[in-house]
Amino acid sequence: MKLRRPSARLADVCWLPRFIDKARSLLDGTLPPEYRERFGDRRGMDGAFLRFFRLEKDAFVEAVRKSNGSDAAVAKWFYAQPRVTDEKVNDWNRLAPEFGKPGEPGFEAFQSVMRSMYKDAPYSGVESIFEVIEADESRFRESGSQG
């Protein structure tokens, strides 16, 4: 499974390409169990994305299914949603990469995840959810493994 980076953008929206990739993998049955368990979970970035734009997980997955592999079709669906505005997108793009940093949303949850899931990970200076995902997945890219 290949996922785009958290910071990758589609239609100027970070996280959207990654969430599309996960939805496509879910639909074709290739989403690994550890991702499938947390797909759209309200406690993670998927859930934050869905809540921020007031989207339903099932509606998003259905839009991806109907897109027949077209990112542009999903982007068009996304921008047609009533709570998606240019202002909200700009707010999301400023906020999302900061999730988990001290003083930002998700700080306590991020600290808990780092203590439980990543306690032995060789990451120094990682402060945000985006950063830990990038660091974690770059290890897989460097080792040739798929994550």
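Each reported figure results from applying straightforward, stated rules to the coordinates on display, with no laboratory input. Computed from a predicted model, the values in this text were never measured in an experiment. Here the Cβ is made from the backbone with ideal geometry for all residues, glycine too, and neighbour counts use every protein chain on show.
Taking the simple approach of a point 7 Å from Cα along Cα-to-Cβ for both Gln111 and Lys66, what is their distance in nm?
4.3 nm
Enumerate the aspartates and glutamates that Lys88 could reach by cross-link, defined here as Cα to Cα under 12 Å, with residues fewer than 8 away along the same chain left out.
Counting by Cα, and skipping residues close in sequence, Lys88 has these aspartates and glutamates nearby: Asp12.
State, to one decimal in nm, how far the label point of Glu56 lies from the label point of Asp12, with both points 7 Å from Cα in the Cβ direction.
2.9 nm
Using a 10 Å Cβ count of at most 13 others and DSSP loop calls, identify the longest part of the chain lacking such trypsin sites (Lys or Arg not before Pro).
3-41
Quick one: if the Förster radius is 41 Å, what FRET efficiency do Ala73 and Lys101 give, using the C-beta to C-beta distance and rounding to 0.05?
After rounding, the FRET efficiency stands at 0.75.
Which lysines have a Cα less than 24 Å from the Cα of Lys119, not counting those fewer than 8 places away in the same chain?
List returned: Lys101.
In region 9-143, if the dipole is taken from +1 on Lys/Arg beta carbons and -1 on Asp/Glu beta carbons about the Cα centre, which of Val84, Tyr35, Phe99 is farthest to the positive end?
Val84
As an exercise, use a Förster radius of 41 Å and the Cβ-Cβ distance of Thr30 and Asp86 to find the FRET efficiency, rounded to the nearest 0.05.
With R0 = 41 Å, the Cβ-Cβ based efficiency is 0.75.
Which entry in (1) -0.41, -0.89, -1.38; (2) -0.52, -0.85, -1.16; (3) -0.63, -0.98, -1.29 is this structure's computed log10 I(q)/I(0) by the Debye sum over Cα atoms at q = 0.11, 0.16, 0.20 Å⁻¹?
Of the listed options (1) -0.41, -0.89, -1.38; (2) -0.52, -0.85, -1.16; (3) -0.63, -0.98, -1.29, (1) comes from this structure.
What do you get for GluC sites (Glu not before Pro) in region 21-75 restricted to DSSP loop and a cutoff of at most 12 other Cβ within 10 Å of the site's Cβ?
Sites meeting the loop and neighbour criteria: Glu56.
To check my understanding: the extent here is largest minus smallest coordinate of the Cα atoms along each principal axis. What are those three numbers for region 86-131, in Å, largest first?
That gives 40, 17, 15 Å along the principal axes, largest extent first.
Out of Gly47, Phe60, Leu26, whose Cα points farthest toward the positive end of the dipole of region 1-86 (charges: +1 Lys, Arg; -1 Asp, Glu; placed on Cβ)?
Farthest along the dipole direction, towards plus: Gly47.
Which aspartates and glutamates does Lys57 reach when only Cα atoms under 13 Å apart count, and residues fewer than 8 places away in its own chain are ignored?
Qualifying aspartates and glutamates at Cα under 13 Å: Asp41, Asp46.
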